[in-house]
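Right, one structure below, let's go through it.
The values are calculated or read from the model by the stated rules, or taken from the named source; none is laboratory data. As the structure is a prediction and not an experimental result, all values here were calculated from the model. Every residue, glycine as well, gets a Cβ built from its backbone with ideal geometry; the counts of neighbours run over all protein chains shown. Remember, those area values only see protein heavy atoms, side chains included, never the ligands or the DNA or RNA. Shrake-Rupley method; radii C 1.70, N 1.55, O 1.52, S 1.80 Å.
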Amino acid sequence: MFLMVRALLACLALFCVGVAEAKPAGATPGIIRVRLVTSSGSFVVALDARKAPLTTRNFMAYVDDGRFDGTTFYRAARRKSAPKMGLIQGGIDTNTRRSLPPVKHEPTTQTGIKHTDATISMARGGKPGSAMGNFFITIGPIVSMDASGAYPGYAAFGHVVSGMDVVRKILALPTGGGTGPMRGQMILRPVQIIRAERLDGVAKPTGQPKPWLLGVPKRKP
């Protein structure tokens, strides 16, 4: 009887260890954390898949496919009245070889995620529902990005939870060039996004072709 109890306890201990390994420390249901490793340092964003499921799923498709790896932060838009505030923008830029189909727009009036300080949100073209693989991070609140009345705003879907010093460092980099609303805001030496790492859950690659990798030598094991 004693041996049977010991065996049962041993099995239970192994089960508990397995559960602990399956759920990373700090993981929260419905929240997916991603570490962005850049040439200026690393920071972590927490994406809210409960409130912004479509936008989060789109972003994670780029992460899990490796579509952000080797891209850049290319824009730093500083407020003229408060240059330590503004936004930085990064992602695939105009590289359509890395793009996936546009994602349906999830306005802030629907998600409840406002453009406060340290918010991650999707960049898009002139029309809602055109966002693909470019995103921005706010430094300080930007109320004008929130939806209001007939104005659709931008799709916020999470926040930076560590490493905002790196985000602020990128915002302060020298800028110039650009046209239209981005005039004078292009980072002269774009910051490399070395890789985007999923920290929670299981990767779900899209299985779509990766034409940007054509001609790139494979790494030796």
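Would you say SER121 is open to solvent by less than 20 Å² (accessible area, probe 1.4 Å) and either part of a loop (DSSP other than H, G, I, E, B) or not β-branched (Val, Ile, Thr) (or both)? Yes, satisfied.
For region 172-190, filtered to residues that are under 19 Å from ALA123 (Cβ atoms) and touching a Leu at 6+ places or on another chain (Cβ under 7 Å), the residue that is surrounded by the most Cβ atoms within 10 Å (Cβ to Cβ) is ILE187.
Tally time: how many residues in region 126-144 are out of contact with any Pro (no Cβ under 9 Å at 6 or more places or on another chain) and either buried (at least 22 other Cβ atoms within 10 Å of the Cβ) or closer than 18 Å to LYS104 by Cβ (or both)? I'd like the intermediate steps shown before the answer.
Step one: filter region 126-144 for residues out of contact with any Pro (no Cβ under 9 Å at 6 or more places or on another chain), giving 126, 133-144.
After this cut, where a residue has to be either buried (at least 22 other Cβ atoms within 10 Å of the Cβ) or closer than 18 Å to LYS104 by Cβ (or both) as well, the list is 126, 133-139, 142.
Within region 126-144, residues that are out of contact with any Pro (no Cβ under 9 Å at 6 or more places or on another chain) and either buried (at least 22 other Cβ atoms within 10 Å of the Cβ) or closer than 18 Å to LYS104 by Cβ (or both) number 9.
In region 147-171, of all residues being among the hydrophobic types (A, V, I, L, M, F, W, C), open to solvent by 20 Å² or more (accessible area, probe 1.4 Å) and not in a helix (DSSP H, G or I), the one that is nearest to PHE136 (Cα to Cα) corresponds to VAL161.
Of everything in region 103-117, what is surrounded by fewer than 21 Cβ atoms within 10 Å (Cβ to Cβ) and in a helix (DSSP H, G or I)? Give them in sequence order. Explain how you work it out, then say what you get.
Let us first name the residues in region 103-117 that are surrounded by fewer than 21 Cβ atoms within 10 Å (Cβ to Cβ), namely 104-105, 107, 109-112, 114, 116-117.
Within region 103-117, THR109, GLN110, THR111 qualify.
Among residues of region 167-196 that are touching a residue at least 40 places away in the same chain (Cβ under 8 Å), those with a beta-carbon under 8 Å from a residue that is assigned to a helix (DSSP H, G or I) and surrounded by 14 or more Cβ atoms within 10 Å (Cβ to Cβ) at least six positions away or on a different chain give the pairs ILE187/ILE170; VAL191/ILE170; ALA196/TYR62; ALA196/VAL63. Pairs linking a residue in region 24-39 that is modelled with pLDDT of 95 or more and open to solvent by 70 Å² or more (accessible area, probe 1.4 Å) to a residue that is among the charged types (D, E, K, R) and not in a loop (DSSP other than H, G, I, E, B), with Cβ atoms under 8 Å and 6 or more positions apart or on different chains, are ARG35/GLU197. Residues satisfying the criterion are absent from region 200-215 (criterion: touching a strand residue (DSSP E or B) at 6+ places or on another chain (Cβ under 6 Å) and among the aromatic types (Phe, Trp, Tyr)).
On the basis of being in contact (Cβ under 8 Å) with a residue 24 or more places away in the chain, open to solvent by 30 Å² or more (accessible area, probe 1.4 Å) and more than 16 Å from the chain's Cα centre (by Cα), does SER99 make the cut? Criteria not met by SER99.
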